[in-house]
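The values are calculated or read from the model by the stated rules, or taken from the named source; none is laboratory data. All figures in this text were calculated on a predicted structure; none of them were measured in a lab. Because the Cβ atoms are built from the backbone with ideal geometry, glycine has one as well, and the counts that use them run over all protein chains shown. What goes into the accessible areas is simple: the full protein's heavy atoms, side chains included, and nothing from ligands, DNA or RNA. Shrake-Rupley method; radii C 1.70, N 1.55, O 1.52, S 1.80 Å.
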Amino acid sequence: MSTKRLVLVFSLAAAVVAVLATFLPQFVTHVSLSGRTSLDMIATGWSVDVVDPEAPGTKRPGQGSLNGISLVVAALLLFLGGLRNARGPVIAGTAFLGGHLLTLGLQAFNSAGSAPGLGYWLAIGAFLLGFAACLASYAGSEQRQVQTAEPDVPVIDTRHGDMPF
C-alpha cells in the first residue's frame, strides 16, 4: 500500500473515531455525600448529565460542555489533511487530539471518583490513528529526498591561493 493511501486511511479513520468520541461518555464522576454515592455525572463532548444511581432512569440534563469542539477541529484537520495528503493538517489534527486528551485527563482525573468513559478511550484511539498517519506521511518523504539530485555546481579550488579572477 502506498504512503499516500496509508495517510488517507489513517487520517480518515482518526477523524471518524474522533467525531464518534464526542457523543459517548468521556468521563464519569461519582459524587458522594455523607459516605454514600448520591449522583453520577456523565460528561460527553456536548453535555454533562446527572444520573441518580439509586433510581434508574432519572437522567437530568446538566449544563453544556464544550469538550467536543477540540475533537471536531481535530477531525476536520485530519479529514482535510488526509484528502489532500498534506502533512501539516495531519500533524495539527493529531496535536489537537493530544491537547484534548491532556486537557480532559486533567479535568477527569483531578478529583477522586472519576473514571474514563468509552469516549475518552476512543479519543486515545483517534490520537494513535492520527499519529500513525503522521508517521506514514514522513515515510514517503525519505524516498522523495533520495530521488532528487543536486545540480552540478562548479567548485573553485582555493587551497593553493590561486584565485581565477
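Would you check which residues across the range 1-30 are among the aliphatic types (A, V, I, L, M), open to solvent by 50 Å² or more (accessible area, probe 1.4 Å) and either closer than 24 Å to ASP52 by Cα or over 14 Å from the mean Cα position of the chain (by Cα) (or both) and list them?
Selection gives MET1, LEU6, LEU8, VAL9.
Which of the residues belonging to the range 74-87 are assigned to a helix (DSSP H, G or I) and farther than 13 Å from PHE127 by Cα?
Filtering the range 74-87 for residues assigned to a helix (DSSP H, G or I) gives 74-84, 87.
Hits for the range 74-87 are LEU76, PHE79, LEU80, GLY81, GLY82, LEU83, ARG84, ARG87.
Give the residues of the range 88-120 that are closer than 27 Å to ILE42 by Cβ, touching a residue at least 12 places away in the same chain (Cβ under 8 Å), open to solvent by 40 Å² or more (accessible area, probe 1.4 Å) and part of a helix (DSSP H, G or I), sorted by residue number.
PHE96, THR103, GLN107, LEU118
Restricting the range 31-55 to residues that are at pLDDT 80 or above and not in a strand (DSSP E or B), which is most open to solvent (accessible area, probe 1.4 Å)?
TRP46
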